[in-house]
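Undergrad: Encoded as structure tokens, here's the structure I'll be asking about.
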Amino acid sequence: MRRAMTLAIWMAFVYCSIFAWVERTPPNVRALDDGLALTPPMGWYPWNTFGQEPQNEKLIKEMVDALVSSGMREAGYLYVGPDEGICFYRASDGKLTTNLDRYPSGLRGLSDYIHKRGLKYALYTDAGTHTCSKAMPGTKGHEFEDMRQFADWRCDYVKIDWCNTEGQDVVKAYTLLHEAQRAAGRPIVHSLCSWGEGSPWKWAAAVGHLWRTTEDICEPGRADWETAMRIVFANERLFEWAGPGHWNDPDMMIVGMPGLREAQSRSLFSLWCIMASPLIAGNDLRSMSKSTLQILTNLEAIGVNQDPLGIQGHIIRRNGQISIWAGKRLFDGSQAVLVFNQKSSSADVRVLWSDIGIGNAAGLYVRDLWTHETTGPHADGISVTVPPNDVAFLRISKSKDFPLPPIISTDTYLVSLRATGTAPQTLSATVTIRNQGSVELPLWRVREGPPVWLSVTVARNGQSQILTNRISTAGLRKGFYHAVVRLDNTEPVSGRLMSAIYYDVDLEVPNDVGDGSK
Ligand code: GLA
């Protein structure tokens, strides 16, 4: 009897250990090989501020213009478009069709507007029968046609919600949507939004690029610090599952929304940066304060978020309302460290080098990512005073230099040319790739694949690179031609692949063109 009991206890122990191991150990998941989102996606989405109203073409275009005029585009913000903005319905033939009352240029017209301005197009849908408010159709049963339509609208990023999915299996549903996206042939960032249901961190890297880990961060229009704190600590625990091309998503940011003080916005932004979270701004960009813009465009903080190693930092010590975050090695061998004070009074905190696992033979240099000052060398550690609800966001290094990783933007993602006459012509147009990082990049490599009528060459121009698109119309028949060009690059310090750049090339040929022979 005793032996049987001992055996049962022993078996239970073995079973629990295996179960705990399976639960905790991140699998050796390979991210998708499309080169997308190798650093956390950045952009702007309307939901947190506006909800459904008044999402329409005018609002999205105003935000696009604000992304460009504010300098956010150059700071890396890229994806923009409607969330659940009642932008399409399902017509009687089953096809998704633009709601022209709200989007008079059509969803393809909006796409061109966004691409021309050097930004990428984000759309929203749902894996169930309807979106959350039931105002728009979901993709259930129409996965392939809908993803084809999204590709035809030239969408680059699609957030897929999980409302009205009774009876659906979360893994199967998102896997099918991934297959439908692949079949549609356009490279699209797949943002899963099951709010953590089905533990997507365990499987979604194979079918998407980011997954929501929690509930919504706020009700539209109302920033909520308490909810944000719950989300931060829930997302933190999943740090081992994130990496290049597959990210934990604690939801769009509430930085700069009414209801938050400046220190709280700074804290949240720093937390999103050290957690390698997608930086999707959610505030009204048309009326943001100078301090909100300064927070959102702090390149030194963004550099931590966009680090090519893609490690999600986590808490290494927590004492009541003070937490120390580290574990985020950066591309140059330095480390990011965040001290977060949730108290309503200031806190004096000592960070020891031995705690963050970085050697200190000759003392270490410390860069404050908010004051932009470097001090040191410091032996053993550093003491910081952190105001209430604020942070000290630091980089620690053996070297005095704190290089910025690549922060990429382009002046356009749409090259659009029109031939004239019937004689062969050579047409050309450029795309400029800008890098705000401090390390010079190798030349971008054009992937094989442009059609015979198009050639792309790459040349350096200071920190920028210019892509020259040359189109030869010889022998082309009357019609519309389209190509998607892909470029790849490798960050030279870390040797890591960078996110691929894709852009569209359109050519209109109004008449048949001769081949040049008399
Ligand atoms: C869900 C998502 C939100 C937003 C709304 C739209 O709640 O989590 O981010 O997209 O749906 O209804």
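Undergrad: What are the semi-axes of the equivalent ellipsoid of region 231-389, taken as the square roots of 5 times the eigenvalues of the Cα gyration tensor, listed largest first and rounded to whole Å? List each step's numbers first, then the result.
TA: Working: eigenvalues 119, 69, 48 Å².
Taking √(5λ) for each Cα gyration eigenvalue gives 24, 19, 16 Å.
Undergrad: What shape does region 364-454 take by its C-alpha gyration tensor, where a ≥ b ≥ c are the square roots of the eigenvalues and a/c under 1.5 counts as rounded, a/b above b/c as prolate, and the rest as oblate? Write down the numbers at each step before the final one.
TA: Working: a/c = 5.32, a/b = 3.24, b/c = 1.64.
It comes out prolate by the Cα gyration axes.
Undergrad: Over the chain, average the accessible area per residue using a 1.4 Å probe and give it in Å², no decimals. The partial results should precede the final answer.
TA: Details: 21460 Å² over 518 residues.
Accessible area per residue: 41 Å².
Undergrad: Here's a follow-up. Taking only DSSP H segments of four or more residues, each worth -39500 (n - 2.57), what value at 222 nm results for the chain once the sum is divided by all its residues, to the nearest 500 deg cm²/dmol?
TA: Working: 11 runs with 119 residues, N = 518.
After summing the helix terms and dividing by the residues of the chain, the value is -7000 deg cm²/dmol.
Undergrad: Once the convex hull of the C-alpha atoms of region 260-338 is built, how many Å³ does it hold per residue, rounded to a whole number? Can you show the working numbers first?
TA: Numbers: hull volume 7.3 nm³, N = 79.
So the per-residue Cα hull volume is 92 Å³.
Undergrad: With only alpha-carbon atoms counted, please give the Rg and Dmax of region 35-135, in Å.
TA: Calculated on Cα positions, Rg and Dmax stand at 14.0, 43 Å.
Undergrad: In a Debye calculation with equal point scatterers on the alpha-carbon sites of region 188-301 and no solvent, what is log10 I(q)/I(0) at q = 0.16 Å⁻¹?
TA: Debye intensities relative to I(0), on a log10 scale: -0.71.
Undergrad: Could you list which residues have their amide H under 5 Å from that of Ile407, counting only those 5 or more apart in sequence or on another chain, with H placed in the peptide plane?
TA: Counting only residues 5 or more places away or on other chains, the set is Gln436, Gly437.
Undergrad: Need one number: % antiparallel among DSSP beta bridges in the chain, to the nearest 5.
TA: For the chain, the DSSP antiparallel bridge percentage is about 70.
Undergrad: Take the Cα gyration tensor of region 383-518, multiply each eigenvalue by 5, square-root it, and list the three semi-axes largest first, rounded to whole angstrom.
TA: Values: eigenvalues 392, 45, 24 Å².
Ellipsoid semi-axes (Å, largest first): 44, 15, 11.
Undergrad: Which net charge results for the neighbourhood of Gly128, defined as the other residues with beta-carbon distances under 9 angstrom from its beta-carbon, given Lys and Arg at +1 and Asp and Glu at -1? Don't skip to the answer; put the middle values down first.
TA: Working: positive: Lys140; negative: Asp126, Asp161, Glu166.
For residues surrounding Gly128, the net value is -2.
Undergrad: Note the direction-averaged projected area, equal to a quarter of the hull surface, for the Cα convex hull of the chain, in nm². Before the final figure, lay out each step's value.
TA: Details: hull surface 119.1 nm².
Quarter of the Cα hull surface area: 29.8 nm².
Undergrad: Find out how many positive minus negative residues lie around Leu96, taking Lys and Arg as positive, Asp and Glu as negative, among other residues whose Cβ is under 10 Å from that of Leu96.
TA: Details: positive: Arg90, Lys95, Arg148; negative: Glu145, Asp146, Asp152.
With Lys, Arg at +1 and Asp, Glu at -1, the neighbours total 0.
Undergrad: How large, in percent, is the carbon and sulfur part of the accessible surface of the chain at a probe radius of 1.4 Å?
TA: Numbers: 11200 of 21460 Å².
Percent of accessible area from carbon and sulfur atoms in the chain: 52.
Undergrad: Under 21 Å Cα-Cα from Lys478, which lysines qualify once same-chain neighbours fewer than 8 residues away are excluded?
TA: List returned: Lys518.
Undergrad: If I model a spin label as a point 7 Å beyond the Cα along the Cα-Cβ vector, how far apart are those points for Thr374 and Leu100 in nm?
TA: Using points 7 Å along Cα→Cβ, the separation is 5.9 nm.
Undergrad: Given a cut-off of under 8 Å on Cα pairs at least six residues apart, what relative contact order in percent is computed for region 215-332? Kindly include the intermediate steps, with their values, before the conclusion.
TA: Numbers: 181 pairs, mean separation 29.2, N = 118.
Normalised by residue count, the contact order of region 215-332 is 25 percent.
Undergrad: In whole percent, what relative contact order does the chain give with Cα contacts below 8 Å and a gap of six or more residues? Please list the in-between numbers first.
TA: Details: 1211 pairs, mean separation 65.7, N = 518.
About 13 percent, as a whole number.
Undergrad: Take each uninterrupted DSSP H stretch in the chain, measure its Cα extent along the helix axis, and return the ones at 24 Å or beyond whose mean Kyte-Doolittle hydropathy is at least 0.5. Write down the numbers at each step before the final one.
TA: Working: long enough: 2-24 (32 Å, 0.81).
Passing helices, by number: 2-24.
The values are calculated or read from the model by the stated rules, or taken from the named source; none is laboratory data. Everything numeric here is computed off the predicted structure, so don't read it as measured data. Reconstructed Cβ throughout: ideal geometry from the backbone, glycine too, with neighbour counts over all protein chains shown. When the accessible area is computed, the model is the full protein with side chains, heavy atoms only, and any ligands, DNA or RNA have been set aside. Shrake-Rupley method; radii C 1.70, N 1.55, O 1.52, S 1.80 Å.
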